[in-house]
Amino acid sequence: MTDVAPSDVAIVGCGPVGALLANLLGQAGLAVDIYDRERDIYPLPRAVHFDGEVMRIFQSAGLADRIAAATRPSPYGARYEEPSGRTLLVRRGSELPGPHGWSGSWYFHQPELERILREGLVRFPNVRVHLGHEVTSVDELDARYVVGCDGARSLVRRAIGSRQVDLGLHQPWLVVDVLADPESPRTQALPLHSLQFCDPARPMTLVNVNGRRRRWEIMLLPGDDPARMTEPEIFWPMIARWLGPEDAEIERSAVYTFHSVVQEGWRKGRLLLAGDACHQTPPFLGQGMCTGMRDASNLAWKLVSVVRDGAADSLLDTYESERLPHARAFIELAVRLGAVIQATDPTAVADRNRRFAAGGTSFDFPQPGLGGTTPPVGTIFPQPRLPDGRLMDDAIGQRFAIVGETELLKHLRPDAVLLPGVGREWLVEKKVRAALLRPDRYIQAVAP
């Protein structure tokens, strides 16, 4: 047992998902202990992208302004291109705020994001942070609930006994982060958008992160020696068409295997999972960390409802049934997009090129519904600005809310925030008169 008083929730892992969850629970007044075996934040790049929905979650945690100041919104989207320069596929970008009230795409340096999330925990005396503390057994943790945000090798998952479902992709890639010289003409010529370089001789991804940071992801091919791929004399010739060692310095290089797996069994009694502990997403859609952040948002309000507000413990059983299909939809799309860039077999390349021969194929980040729901129930409600200039979520906080026709709402006295007249265009489009929004802004119910 630990030498601290019992808590409502113990979180194993203080990476981005665990730290966000602790912020959301701390904000709601729950007693939280969060543990990480490392004392310091890992200082080098890892995740580099999140979307507008995740920025909206940061907003709900009271951290959006700080995070926006430390990250880069991108209106440029992504392009899938052949070596000839012909565009196969485009993920659209936009200069305007998206449906969540924020830019739809953000790039960041993970150590800076983690620092902001950890500093956010200082706001809450009810959150105790235990860094440099390795949890070796869930039996050590004296808490009503334990959430494993402890990654792909999760201790908590082993205690639950979850079953892994393989979605088919296990491909090694070299990931290299560089600090580019901003004065170099070659740096200045790099694309502002993310580039999926669909070269069957060597598939690559180029990401414009922020500041001087650029990332290359390079697929390993048969005959490559993973132990040597990180050597500069191997890496630099592969990206010579863009940069050379005179234009940038390597910040980090490592070989990873991109996986596509989900776990079945996110809960067993007081034990729960979030983030990479229950799913792994290949990076072709930039949704790996995003998926974990959505886990935290979904789970947080349910834990608050059970622990603080007296809701039935069975509410937590809806966490996996809602989140697993939602996460799986993103992973499966990432796998399909990966097939576009990873094609090396001549027949597969020819088939791909025929499919995209007309050009002009484009897509946005998907917004799937939660598992077990029928749209518009189970979809996330957009975030407009209110007449007073505030974003809608700032008027709601961590509560339920009802949006709808003014006449329908004017006599209601619920224990929820009433927002008459908000979201008129959405209501008309969906042919409903009102919608009940959960604290994570997903729609609980509608009034036809």
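The values are calculated or read from the model by the stated rules, or taken from the named source; none is laboratory data. In this text, all values refer to a predicted model and were calculated from it rather than measured experimentally. We place every Cβ from the backbone using ideal geometry, glycine too, and count neighbours over all the protein chains shown.
When region 95-108 is limited to residues that are in contact (Cβ under 8 Å) with a residue 60 or more places away in the chain and assigned to a strand (DSSP E or B), the one that is nearest to Pro75 (Cα to Cα) turns out to be Ser105.
Each row is one residue, and each column tells you yes or no for (1) assigned to a loop (DSSP other than H, G, I, E, B); (2) under 22 Å from Arg252 (Cβ atoms); (3) out of contact with any strand residue (DSSP E or B) (no Cβ under 6 Å at 6 or more places or on another chain).
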| position | (1), (2), (3) |
| --- | --- |
| Asp150 | yes, no, no |
| Val156 | no, no, no |
| Val165 | no, no, no |
| Leu169 | no, no, no |
| Trp173 | no, yes, no |
| Ala201 | yes, no, yes |
| Val207 | no, yes, no |
| Gly211 | yes, yes, yes |
| Gly223 | yes, no, yes |
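From Leu30, Leu44, Leu24, which residue is under 23 Å from Asp393 (Cβ atoms) and either assigned to a loop (DSSP other than H, G, I, E, B) or free of Cβ contacts under 8 Å to residues at least 60 places away in the same chain (or both)?
Numbers: Leu44 fails: under 23 Å from Asp393 (Cβ atoms); Leu24 fails: either assigned to a loop (DSSP other than H, G, I, E, B) or free of Cβ contacts under 8 Å to residues at least 60 places away in the same chain (or both).
So the residue among Leu30, Leu44, Leu24 that is under 23 Å from Asp393 (Cβ atoms) and either assigned to a loop (DSSP other than H, G, I, E, B) or free of Cβ contacts under 8 Å to residues at least 60 places away in the same chain (or both) is Leu30.
When you scan region 76-93, how many residues do you find that are assigned to a loop (DSSP other than H, G, I, E, B) and either surrounded by 15 or more Cβ atoms within 10 Å (Cβ to Cβ) or in contact with a helix residue (DSSP H, G or I) (Cβ under 6 Å, 6 or more places away or on another chain) (or both)? Quick ask: steps written out before the conclusion?
Of region 76-93, the ones assigned to a loop (DSSP other than H, G, I, E, B) are 76-77, 82-86, 92-93.
This time we only want the ones that are either surrounded by 15 or more Cβ atoms within 10 Å (Cβ to Cβ) or in contact with a helix residue (DSSP H, G or I) (Cβ under 6 Å, 6 or more places away or on another chain) (or both), so: 76-77, 82, 93.
So the answer is 4.
The sole residue among Val403, Val377, Val432 that is surrounded by 13 or more Cβ atoms within 10 Å (Cβ to Cβ), outside any loop (DSSP other than H, G, I, E, B), β-branched (Val, Ile, Thr) and touching a strand residue (DSSP E or B) at 6+ places or on another chain (Cβ under 8 Å) is Val403. Does Phe284 count as in a helix (DSSP H, G or I) and touching a Gly at 6+ places or on another chain (Cβ under 7 Å)? Spelling it out, Phe284 is indeed in a helix (DSSP H, G or I) and touching a Gly at 6+ places or on another chain (Cβ under 7 Å). Determine whether region 241-249 contains at least one residue that is in contact with a Leu (Cβ under 9 Å, 6 or more places away or on another chain), at pLDDT 95 or above, not in a strand (DSSP E or B) and not assigned by TED's automatic domain parsing to the domain that holds Leu30. Yes - at least one qualifying residue is present in region 241-249.
Restricting attention to region 236-291, the residues that are closer than 28 Å to Asp317 by Cα, of a type in the set (D, E, K, R) and surrounded by fewer than 18 Cβ atoms within 10 Å (Cβ to Cβ) total 3. If you go through region 59-75 and pick out every residue that is touching a residue at least 40 places away in the same chain (Cβ under 8 Å) and either closer than 15 Å to Arg115 by Cα or surrounded by fewer than 19 Cβ atoms within 10 Å (Cβ to Cβ) (or both), you end up with 8. The residues on offer are Arg385, Arg354, Arg328, Arg390, and the sole one that is farther than 24 Å from Gly93 by Cβ, surrounded by fewer than 19 Cβ atoms within 10 Å (Cβ to Cβ) and either among the aliphatic types (A, V, I, L, M) or at pLDDT 95 or above (or both) is Arg390. Here Pro111 fulfils each of the conditions (1) assigned to a loop (DSSP other than H, G, I, E, B); (2) within 19 Å of the chain's Cα centre (by Cα); (3) surrounded by fewer than 20 Cβ atoms within 10 Å (Cβ to Cβ) apart from (1). I want to confirm something. Restricting to region 225-263 and keeping residues that are among the small types (Gly, Ala, Ser) and in contact with a strand residue (DSSP E or B) (Cβ under 6 Å, 6 or more places away or on another chain), which single residue is farthest from Asp177 (Cα to Cα)? Checking each candidate, the answer is Ser260.
Determine the pairs where a residue that is on the phi > 0 side of the Ramachandran plot, located within region 377-395, has a partner that is buried (at least 17 other Cβ atoms within 10 Å of the Cβ) with Cβ atoms under 6 Å apart, the partner being 6 or more residues away or on another chain. From region 377-395, the pairs are Gly378/Gly369; Gly378/Leu370.
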